[in-house]
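To start, the structure under review is shown below, and the notes come after it.
The values are calculated or read from the model by the stated rules, or taken from the named source; none is laboratory data. Just so it is clear, the model here is predicted, and its values are computed rather than measured. Here the Cβ is made from the backbone with ideal geometry for all residues, glycine too, and neighbour counts use every protein chain on show.
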Amino acid sequence: MTKSETIKIQVGEEVIELTGAEKAAFLADREKTNQTIKAEAEAKAQAKAAAEAKLAALGLTTDDLRALGL
């Protein structure tokens, strides 16, 4: 078996070697997790931009809200 066919991951103090379907499942899960994290960060950024736009429409800034203690 070549090096590219296996993957080693550390779980606590233990090192686990994954091959074949285990490796494919691990990598797919990791990719799905990364995509979820990116999507959540993008949604948070969009929500922040929308909130700042609403404040601007009212003539307020985030600094104004901080000054009010909000």
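Side notes on the structure shown:
- Filtered residues of the range 1-41 (kept if surrounded by fewer than 11 Cβ atoms within 10 Å (Cβ to Cβ), part of a helix (DSSP H, G or I), charged (D, E, K, R) and free of Cβ contacts under 8 Å to residues at least 12 places away in the same chain): Lys3, Asp29, Glu31, Lys32, Lys38, Glu40
- Any hit, the range 50-68, residues being loosely packed, with under 10 Cβ neighbours inside 10 Å, modelled with pLDDT under 90 and not charged (D, E, K, R): yes
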